[in-house]
Amino acid sequence: MPPKAKTSVKFEGNPKTVEERKYYATNRRDYYTDCLRVKDRTGRGIAPLTLYPGQMALERLRDEVEEFHQKIADEIGEGVRREPVRVQVLKARRGGFSTDIAAQMFHYCEFNKGKNGLVVAHLKPNANNIAQISRRFQQQFPKEQIGIKIPLVRESDELEWGEVDGHPWDSRIIVATASSRNFARSFDYSFVHLSECAHYESPDAIAAAKDAAQFAEYIYEESTANGMDAYFYKSWQSAMYLHEVKQYWSKNRSLPPQWNGKYKFFWAWWQDEGYHVPLTETQKLRILEDLSELEKEGVQKFKWTPEQIEWRRRKIAGDCSEQSQMDPEDYFRQEYPSSPEEAFVSSGSSVFPTVTLSNMEYNHARPRFHGALKGFDSNGAMLQKAKTERPDNSPFVIWEEPKAQHQYIIGARSAEGLKHTDYSVVIVFDRTNGDFLREVACYRGQATGIELGDVCAWLGFKYHGAYIIPEATRPATAQRLVAKRYPYLYLRKNEERVGNHTTAPTNFVPGFKAQRGLREMILDHAQDAFRREEVMLKSKWCIREHIIYTNIDGERKAPVGETDDGVIAAALAIYAHKQTAPKVVTPEDLREVEMFQDPADAKTLYERSLLEAVAKKKKRSERMNKKRIGRREQLSAAKLKDLFR
């Protein structure tokens, strides 16, 4: 019968051991190297835990956040509790971050009495792998250092520390899966590691873990991306880098109001020293002579080396081509991102081009106004400016004020009222170019159909009599526009009226009825416009709606729990711009391309007289067009003043 494992240890009366433990308690990285053992990257041997550059960067972030939070606590006043360290880790595959966080948690429980650590993994095999990392720390502890180690009394899915000097140490690490909820009822946790949380089937596991970690000192949410999922991506959008938070604190002596308290940490695949293939000089030259456009961008932007490019090519041709859900290139970008923006781009069955849309999010200026549209009185709209600099959560945003001689179009969708997350949406586009739509303003709120009609009428007159196409599935918005005598409105044929006078006003009703077949038609137009890069969105929520809008079982729709109000509002505007709104008159429309010559360049008198006649007609047409648009602007400005009187 094997001897019973030791479950207690005495440190009292052994000053050398006490001093060693004090040293390792405050020098984590020396403890890792001297005392913890892991599988090396080849998976064939056991080696001391020597941190890679990415792991070192994560350790430094923890130290810097602790120092920053302590500085804030000291400045606020004596006795103030230091804020916990919350880090959101966006990573590439096999970067070693789970191992580093496991080492941090093991060290924390080893040197802090009465502390509980929690690891929540995506699936059971992932949970077993992380549990095995911690068990290996115990089982492979060096014999020459065993005198400083508190023995464990349990080594399964729960690691429990034994007794010290006759008293329970009462620290433990519990490893669970996201599908389990029992962990939330057991203990209060001081150190939490949510592994691959972007891939959890439901965010309920995250909520349960956080409920059990009300007084946690460290929370790590670590994952590869899973497209623009409902939790991890949204959380990343509200997180901030440490230098951003420090800069805000230095300027305002307060923390950013829209910040969720989490610090961003990103480590790209090309920063990992293991992701390369050794090459000869000849091979390097051949690779540099045969670069794709994307590879050229990587070399220019991220300084990719030939060795890294070859590793990338092999990965795409191998592992990334063996899955069927996504294009291999897109799958590589998700699993081995070069930047955070790239990480969250997942194509798969996306209706709209995800790369194009993702680039929109980072290529626009700050809005002119963002805040709330509180309603209307006799003086017009009652606007309340937001206190924050970030417009992400503002219900009303103006990116560009109306410009003289510019023409606009508006798509509007009223909330269906099926669930509390439905929104009423209005998007205003500048269509002056003729071929290109650029978002200049948007409204997204919990407005009723009548309230949305007021918003549409006000924005329509504000933007020089913009052409409005409201969805008529819920007719209150369109009816309100008629009641407000808004003149520039989409009209559809009234199926309920029969008569010979097809052009009679009574044969038409306002609003677009987005039933199944017609809905697919406007989505076709929107899909084509985005693929041709004829639309520029600026609102992050609307961009995200388009990116996650997918073809599910042959039907184009938003994923469960998500909304598509912005998608439909934008699709309505795109359809109307192309098919039903008055044609945008530009100088190119007023004469043939071959007539763009200057009359002075004519070779014959006949050609000169012809060119002069065309130029005269063009000037007259342009003058009349400017007058027409000017009169429309004046009429809209006058009606805007009287709209709510």
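Before moving on, here are some points about what is shown:
- Convex hull (Cα only) mean projected area of the chain, reported in nm² to one decimal: 42.4 nm²
- For the chain, size of Cβ-based charge dipole, Lys and Arg +1, Asp and Glu -1, in debye: 2180 debye
- Evaluated with a Cβ-only charge set (Lys, Arg +1; Asp, Glu -1), the range 188-285 carries a dipole of roughly 640 debye about its Cα centre, given to the nearest 20.
- For residue 415, nonlocal amide neighbours, meaning residues 5 or more places apart or on other chains whose placed amide H falls under 5 Å from its own, are 424, 425.
- Dipole of the chain [Lys/Arg +1, Asp/Glu -1 at C-beta], most positive-end residue of 283, 542, 423: 423
- Under a 5 Å amide H cut-off, with hydrogens placed 1.01 Å from N, residue 408 pairs with 431, 467 among residues at least 5 apart or on other chains.
- Table column - 3J(HN,Hα) (Hz), the range 138-148, Karplus curve with 6.51, -1.76, 1.60, x for Gly and Pro: 6, 5, 9, 4, x, 4, 5, 10, 4, x, 9
- Accessible area per residue for the chain, computed on protein heavy atoms with a 1.4 Å probe, is 50 Å².
- Accessible surface of the chain, 1.4 Å probe, proportion on carbon and sulfur as whole %: 49 percent
- In loop segments of the range 196-276 as defined by DSSP, the trypsin sites (Lys or Arg not before Pro) with at most 12 further C-beta atoms inside 10 Å of their C-beta are 253.
- The range 519-525 - phi-based ³J(HN,Hα) in whole Hz, Karplus 6.51/-1.76/1.60, Gly and Pro as x: 4, 5, 5, 5, 5, 4, 4
- Expressed to the nearest 5 percent, the antiparallel share of DSSP beta bridges inside the chain is 55 percent.
- Amide H contacts of residue 369 (H built 1.01 Å from N, in plane; Pro and chain starts excluded): 398 sit under 5 Å, all sequence-distant by 5 or more or on other chains.
- Projecting the Cα atoms of 406, 473, 326 onto the charge dipole of the chain (Cβ charges, centred on the Cα centre) puts 406 farthest toward the positive pole.
- Positive minus negative residues near residue 361 (Lys, Arg vs Asp, Glu; Cβ under 10 Å): +2
- Helix 306-317 vs. the chain, principal-axis angle (Cα, 0 to 90°, nearest 10): 80 degrees
- DSSP-defined antiparallel bridges as percent of all bridges, the range 106-203, nearest 5: 45 percent
- Lys pairs, the range 199-286 - Cα-Cα below 14 angstrom, 8 or more residues apart or on other chains: 5
- Three-way shape call for the range 91-214 based on the alpha-carbon gyration tensor, with the a/c threshold at 1.5: oblate
- Residue (of 223, 559, 103) at the positive-pole extreme of the chain, dipole from beta-carbon charges: 559
- Each label was represented as a point 7 Å from its Cα along the Cα-to-Cβ direction; for residue 33 and residue 10 these points are 3.4 nm apart.
- Straightening the chain between residue 80 and residue 246 buys 57.9 nm, computed as 0.36 nm per residue apart minus the Cα-Cα spacing.
- Extending 7 Å from Cα along the Cβ direction at residue 378 and again at residue 641 yields two label points whose distance is 1.5 nm.
- Average Cα contact separation per residue, the chain, under 8 Å, 6 or more apart, as relative contact order %: 10 percent
- Along the chain, longest interval not containing exposed GluC sites (Glu not before Pro), exposed being DSSP loop plus at most 14 other Cβ atoms within 10 Å: 79-200
- Couplings 3J(HN,Hα) for the range 32-40, derived from phi with the Karplus relation 6.51 cos²θ - 1.76 cosθ + 1.60 (θ = phi - 60°), are 4, 5, 7, 10, 9, 10, 9, 6, 6 Hz, where x marks Gly and Pro.
- Note: relative contact order over the range 1-113, using C-alpha pairs below 8 Å and six or more positions apart, is 21 percent.
- Theoretical FRET efficiency, 1/(1+(r/R0)^6), r = Cβ-Cβ of residue 113 and residue 369, R0 60 Å, to 0.05: 0.65
- Global form of the range 285-354, assessed from the alpha-carbon gyration tensor, a/c cut-off 1.5: prolate
- Sites matching chymotrypsin sites (Phe, Trp or Tyr not before Pro) across the range 217-326 that sit in DSSP coil, with at most 13 neighbouring C-beta atoms within 10 Å: 241
- Cα→Cβ-extended label distance, 7 Å offset, between residue 508 and residue 482, nm: 1.3 nm
- Helical runs (DSSP H, four residues minimum) scored at -39500 (n - 2.57) apiece and divided by the length of the chain put the mean residue ellipticity at 222 nm at -12500 deg cm²/dmol.
- Gyration tensor (alpha-carbon) shape descriptor, the range 1-113, a/c threshold 1.5: oblate
- Net charge of neighbours whose Cβ lies under 11 Å from the Cβ of residue 82, counting Lys and Arg as +1 and Asp and Glu as -1: -3
- Volume of the Cα convex hull of the range 233-362, divided per residue and given in Å³: 142 Å³
The values are calculated or read from the model by the stated rules, or taken from the named source; none is laboratory data. Here the structure is a predicted model, which is why all the values come from computation and not from measurement. Because the Cβ atoms are built from the backbone with ideal geometry, glycine has one as well, and the counts that use them run over all protein chains shown. Accessible surface areas use protein heavy atoms only, side chains included; no ligands, DNA or RNA. Shrake-Rupley method; radii C 1.70, N 1.55, O 1.52, S 1.80 Å.
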